[in-house]
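Step one of this worksheet: look at the structure below.
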Amino acid sequence: MKKLIIITIFLFATINIQAQEKIKGRVVELMKDGSEVPIARANVYWEGTTIGVATNIDGDYLISSPPNYPSTIVVSFIGYQTYSQVISEQGYYYIYLKPSVELDEVKVKGKVNTTNFSTINTINMQTLSTGELEKAACCNLSESFSTNASVDVNFTDAVSGAKQIQMLGLDGVYAQITQENMPFIRGVSSAFGLNYAPGTWIESIQVIKGTGSVVNGFESLVGQINLEYFKPESAPKLFWNMYSNSEGKLENNLQFAKKEGKWKSNLFTHISYFDQEIDDKENPDYFMDMPKVEQANVLNRWDYKDKNYHIGLTARALSENREGGTVKRADSPYIVDIHNDLIEFTSKTGVILPSFPGKSMGLQTSFRRHNQTAIFGKNDYKVLQESAYLNFIRQTYISTTNHVLKYGISYYADRYTESFLGEHIYAPFYDKVRVDLMSGIFSEYAFKMGENFNLVAGIRADYYNNTEEINYLPRLNMKYNPNDNTAIRFSAGRAFRIANVFVENASFLASNRKITLENINPEIAWNYGTNITYCFRLLGREGTINADVYSTIFENQVVVDIEMPGQLSFYNLDGESIANSMQIDLGYELFKRFDMKIAYKINDVKTTFEGVDRVVPLLPQEHALFNIAYATNFEKWTFDVTANYIGERRVPEHEELIEEELKEKGWADSFYVYNTQITKRFRYFDVYLGAENILGYKQNTPVLSANNPDSPIFDASLIYAPIMGRMIYVGFRYKIK
């Protein structure tokens, strides 16, 4: 029966072809008295295409999105100056035209939603634009979700400064994190990789919930987070960002874009520096609240395009040092010393067949070398990852473009050279070389029935050398539009991943737990979900409601067991492990240029620990978010305020936990975190001032047994609340477009 299901799904194998979105707006003439006169029958079209419309009697237009972003929109009408503008994202664009006898600059003001839920995409995807990222400091990817409830971000421990994300109630390692749909955070980068993507480099982030496309790989157990960096066409010619906060951290981002010629290029540079020993004066424990950090990060991309070919080349180099642990005056020193070196090369080659519309092929490659050394007291961990990746994709259609087929092959090669030396591991020395080879074939079929129904069905077959097994991964996404404003989606699929227990759980090395490790198997899980998106107008203003429910059911999972004080165990699941997550979002423009966003999420996640079903520890059961954003005309001033409610979470037993209420019930209390930012925009530069954790809520004892780091009960990894108090920051952005 199982084979019959697989064969049946294979016959419906898929490419994710997305129906075009619509972009709308209004074209008007601004009169001297300040009134606006709509311009009817004005021509609105995408430069270099045949896609165009005419405005109606009220000056309104509704035009299909261009084949690719960024693209140039052109507006013309007899007697008026022709207007053109590069558009990088969907939104509502309000365009002013001036009579051709006037030579003054034509200005456009637009209302662009910074977070978009689509009613067109078959897959449940939420897009965060540059505008959303600029609502907060967004120094790197780990800070890019402070105004979004779909992804939770927490510190992993109290000494390394590392952060982790959680999605659909599970750790971020179960989400596939990609850069322009190529591997980004996987393997060794799982520990600190969220810090390797500076926020100023990112043009948009796509958050996909549930099973995604088989084209992008086998690892997406709960969804995909995809980063899109600025392209040469859409990036400013020069961009400079300076940032500093009240703790003394400094960051500098300098970016250049070469826009002329067939070969266009971006150069991204990032430097961050923090060299202060900060220990909370109100509750000193002689441990630095944040480690000292030095990071240098450079990425250079080159793009070549003509009517037949698209070639993209990228090179990245990164070096980072982290020094934490006790301050110099501590009687019992505890040293944290972490170093990362990363070199990466990627390429994308696409071939378009002009004589066969809808048919193309592409090749993606990636090569990476990542070396990490991490010292946590007496725990000394070293790992070297050497990786190669190849993905070949062919796209065609069957009979008509309503039946689109993608198929191809992929290959992952990873070699991990690991060593671990510590007093608390089951063996005094761990030294191992592991080679993971994953060869896969995939096929994906996309079917479109009119404007109301889309189906994307696919299957992968991946052979893993260490188990000598073929893993079949079917995936299905369906969308139905009962009307233009509503989308109903369903998804189901199977995914597979190879765990790297030490690097993915490096935070627990910041303890003296005794470590036991079994021979672990790859993790496999099914994910099911449904989603409803509804766009509405109320009192002349636009709003969106998005609600979804997802369930992840593991066939096998690597259980990370910290239930027993002083022990850390890794073993294969023997029982059930289910993660259920429900979320609802509401976005609405209360009045002109004043937006409100409300979100609420419930997580119900349970795993079998040594035969006992328990709620997964350190995971908040609830998360609520409230965000308001106001902008003056032409966004000369913008104001943002965000309130986050973090619900209770279970904390494993530990005899040094001193909060009486926590010891009594084993659950950490809920709390609130408030952030705000004000931005002033000038013609060529912006200045912003913000505050995080305004009320200064902190965990009372982030480091347990801090006065005796040699104690077997020492632990800096049981983090369930912020470890830093109020933080004020200021920044400066300078752009030459």
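The stretch 115-227 has equivalent-ellipsoid semi-axes of 20, 17, 13 Å, by the square roots of 5 times the alpha carbon gyration tensor eigenvalues, sorted largest first. So what does log10 I(q)/I(0) come out to for the stretch 382-517 at q = 0.14, 0.16, 0.21 Å⁻¹, using the Debye formula with one equal point on every Cα and no solvent? These q points yield log10 I(q)/I(0) values of -0.82, -0.93, -1.22.
Per the Cα gyration tensor, the stretch 228-736 maps to an equivalent ellipsoid with semi-axes of 39, 32, 28 Å, ordered largest to smallest.
Label-to-label distance, Asn708 versus Arg537, with points set 7 angstrom from Cα along the beta-carbon direction: 7.1 nm.
Distances over 20 Å make up what percent of all Cα-Cα pairs in the stretch 465-604? Roughly 64 percent, once rounded to a whole number.
Label-to-label distance for Glu648 and Arg394 is 5.8 nm, based on points extended 7 Å past Cα in the beta-carbon direction.
Find out how many positive minus negative residues lie around Lys305, taking Lys and Arg as positive, Asp and Glu as negative, among other residues whose Cβ is under 11 Å from that of Lys305.
The answer is +1.
Between Asn216, Thr127, Gln206, the Cα set farthest toward the positive side of the dipole of the stretch 115-227 (charges on each charged residue's Cβ, about the Cα centre) is that of Asn216. Report note on the peptides 321-333, 441-453: ranked by the mean count of other C-beta atoms within 10 Å, highest first, their order is 441-453, 321-333. Using a/c under 1.5 as the rounded threshold, could you call the stretch 581-639 rounded, prolate or oblate? The axes a ≥ b ≥ c are square roots of the C-alpha gyration tensor eigenvalues, and prolate needs a/b larger than b/c, oblate otherwise. Prolate. Considering only Tyr472, Leu405, Ile225, whose Cα is most displaced toward the positive end of the charge dipole of the chain, charges sitting on Cβ of Lys, Arg (+1) and Asp, Glu (-1)? Going by the charge dipole, the pick is Leu405.
With a Förster radius of 56 Å applied to the beta-carbon distance between Arg41 and Val730, the computed FRET efficiency rounds to 0.70. Under the convention that each Lys and Arg Cβ holds +1 and each Asp and Glu Cβ holds -1, the size of the dipole of the chain around its Cα centre is about 3300 debye.
As a rough footprinting exposure proxy, the listed residues Arg733, Arg316 were ranked by other beta carbons within 10 Å of their own, and the order from fewest upward is Arg316, Arg733.
Evaluated at q = 0.19, 0.26 Å⁻¹, a Debye calculation over the C-alpha positions of the stretch 208-268 (equal weights, vacuum) places log10 I(q)/I(0) at -0.79, -0.95.
Helix 2-11 and the longest principal axis of the C-alpha atoms of the chain enclose an angle of approximately 30°.
Taken over the C-alpha atoms, the stretch 256-378 has Rg and Dmax values of 22.6, 76 angstrom.
Equivalent ellipsoid of the stretch 518-557: semi-axes from √(5λ) of the C-alpha gyration tensor, largest first, are 41, 8, 5 Å. With helices as the sole contributors, the chain gives -500 deg cm²/dmol at 222 nm; each DSSP H run of n ≥ 4 counts as -39500 (n - 2.57), and the sum is divided by every residue.
Among 185-195, 565-575, what's the highest-first ranking by average C-beta atoms within 10 angstrom per residue?
On the way: 185-195: 24.1, 565-575: 17.0.
My ranking of the peptides, most packed first, is 185-195, 565-575.
Net charge dipole, the stretch 483-621: roughly 600 debye, given to the nearest 20, about the Cα centre with Cβ charges of +1 for Lys and Arg and -1 for Asp and Glu. All other residues whose Cβ lies under 10 angstrom from that of Ser410 are scored, Lys and Arg at +1 and Asp and Glu at -1, for a net of 0. Each 10 Å bin, from zero up to the one with the longest distance, holds this percent of the alpha carbon pairs of the stretch 438-486: 24, 34, 22, 15, 6.
Above 24 Å, the calculated P(r) of the stretch 563-673 contains 47 percent of its Cα-Cα pairs.
Only the coordinates and a few stated rules stand behind these numbers; no lab work does. Just so we're clear, the structure is a prediction, and the values are computed from it rather than from any experiment. Every residue, glycine as well, gets a Cβ built from its backbone with ideal geometry; the counts of neighbours run over all protein chains shown.
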